[in-house]
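To start, the structure under review is shown below, and the notes come after it.
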Amino acid sequence: MNAPRNPRTFHVKSFGCQMNVYDGERMAELMAAQGLTATADADAADLVVLNTCHIREKATEKVYSDIGRIRKQARETRGGEPMIAIAGCVAQAEGEEIVKRARVDVVVGPQAYHNLPELVGRAARGEAALDTDMPAASKFGALPSRRKVGPSAFLTVQEGCDKFCTYCVVPYTRGAEVSRPWQAIIDEAKALVDAGAREITLLGQNVNAWDDDGRGLHDLIAALDRIEGLARIRYTTSHPNDMREGLIRAHAEVEKLMPFLHLPVQSGSGRILKAMNRSHSRDSYLRLLDRVRAARPDIALSGDFIVGFPGETEAEFAETLSLVDQVGYAQAFSFKYSPRPGTPAAAMDGFVPAEAMDDRLQRLQAALNRDQAAFNAATVGRTCELLLERPGKLPGQLIGKSPWLQSVHLVSEARIGDLIEVEIVEAGPNSLAGEVLRRAAA
Ligand code: SAM
Ligand code: SF4
């Protein structure tokens, strides 16, 4: 059976980074504004939007297997297939190819998703519906305003990337670095607070490169600090080269700015960093962290790592391990290098065999897990504020985030969205337990 004409229900599934989560929320708001009803069950939806990630080959292949699975499930449970829209970076990178390979109804890139309702309308009439343009005018002005969000909300302030790390597809799929204007961000932040947010995480591929006519991210953070009802500010992901003095100082001066910094390094080897075109060295990265720690001694540090970049030797990998030992990350993400078509690294010699790649990832993750467990253990006995975000699995249990972005569970009669003061009483590798001391002032 063909896709339903004029879908009435929809489901958006986002893969990959937090910016995709944000885009997924905005697409859902767009479709709801058209009168469609959101459904939590992809198998029951007339329209399924897969908001995809292209960063590694595995993420891309998952999209194709998901399309097949969704269709099969829908045929079995309701005797027909939903309309399928592919959004996100796979849509941008594969374009027409994805229509040929998977017969999807709609393809829309990350800079064109404000056109999703129109594209769905076209597909419903049986017309071609593909839009991977990167228009000069921003999509943001064409999106409906924020209405209902949870206690912790994302706000994209910067998109795209001009850094061209040799392994990365982002500059090709998300386009050049663009900052959203100051006032649009302030307005959206206020709307998010009015809609229920107590915490806002500013998002960007290189969020600390945000700029509006000489004003930098720290100026924006200072302005958000003055929004009544907003209790916490975070930002991610930062690039070491865009970490300016004002932003470092903000960590010392702005109380609402949480003590957490995600600052990917990728490798501890100077030679590999050069081959990656990272434009920071091992030493400049470490010196930067010293300055950040001097400004905010309790800051929790996080990073991204790639193992098995072309030509990486065992000794160069050992330099990554020694950097990890030196920094002591509170948490981190680590990946096996994945060659991406069209990137310079994909054409480099020195392919690292799969077994060596697996072995390095395992050793790196063991070191990162050890440090995460140590960071968590060191918070036991500390008092801190939690923002309660969702119910836990057990009756009466709630889960909140500490200032250092740790998940903490506790039993409390407080409500989701409350800020409460707790003592951390127990720590595991991935989550902590807390006991309520008192409700913090709203
Ligand atoms: N702009 C951010 C930065 O440079 O730190 C990160 C953006 S990227 C979406 C997230 C992470 O994916 C990168 O930090 C990197 O560790 C990883 N990544 C990117 N391309 C990759 C590749 N080809 N293979 C493996 N990991 C990759
Ligand atoms: Fe990709 Fe590098 Fe840009 Fe990050 S800075 S998005 S890793 S090209």
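Starting from region 205-216, keep only residues that are more than 18 Å from residue 262 (Cβ to Cβ) and among the acidic types (Asp, Glu), then list their pairs with residues that are part of a loop (DSSP other than H, G, I, E, B) and more than 16 Å from ligand 2 (Cβ to nearest atom) whose Cβ atoms are within a distance under 6 Å, requiring at least 6 positions of separation or different chains. Correct list of pairs: 212/181. Quick one: is residue 372 assigned to a helix (DSSP H, G or I), without any contact (Cβ under 8 Å) to a residue 60 or more places away in the chain, more than 10 Å from ligand 1 (Cβ to nearest atom) and surrounded by fewer than 19 Cβ atoms within 10 Å (Cβ to Cβ)? Here the answer is no, as residue 372 does not meet what is asked. For residue 295, are the conditions met, namely being in contact (Cβ under 8 Å) with a residue 40 or more places away in the chain, over 22 Å from the mean Cα position of the chain (by Cα) and over 22 Å from residue 167 (Cβ atoms)? In short, yes. Considering 287, 293, the condition of being part of a helix (DSSP H, G or I), basic (Lys, Arg) and in contact with a strand residue (DSSP E or B) (Cβ under 9 Å, 6 or more places away or on another chain) is satisfied by 293 alone.
Elements of the type helices (runs of 4 or more DSSP H) sitting completely within region 1-107 and holding at least 2 residues that are at pLDDT 90 or above and in contact with a Phe, Trp or Tyr (Cβ under 6 Å, 6 or more places away or on another chain): these cover 18-33. Residues that are assigned to a loop (DSSP other than H, G, I, E, B) and more than 16 Å from ligand 2 (Cβ to nearest atom): does region 170-181 have at least one? Yes, region 170-181 contains at least one residue that is assigned to a loop (DSSP other than H, G, I, E, B) and more than 16 Å from ligand 2 (Cβ to nearest atom). Which ones in region 309-336 are away from ligand 2 (no atom under 16 Å from the Cβ), over 18 Å from residue 371 (Cα atoms) and not in a helix (DSSP H, G or I)? Correct list: 311, 312, 313.
Each row is one residue, and each column tells you yes or no for (1) within 16 Å of ligand 2 (Cβ to nearest atom); (2) part of a strand (DSSP E or B); (3) in contact with a helix residue (DSSP H, G or I) (Cβ under 7 Å, 6 or more places away or on another chain).
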{"site": "161", "(1), (2), (3)": "yes, no, yes"}
{"site": "167", "(1), (2), (3)": "yes, no, yes"}
{"site": "193", "(1), (2), (3)": "no, no, no"}
{"site": "224", "(1), (2), (3)": "no, no, yes"}
{"site": "228", "(1), (2), (3)": "no, no, no"}
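Summed over region 342-356, residues that are of a type in the set (D, E, K, R) and free of Cβ contacts under 8 Å to residues at least 24 places away in the same chain total 1.
The values are calculated or read from the model by the stated rules, or taken from the named source; none is laboratory data. Everything quoted here is computed from the prediction, not taken from an experiment. Heads up, the Cβs are rebuilt from the backbone with ideal geometry, glycines too, and the neighbour counts pull from every protein chain shown.
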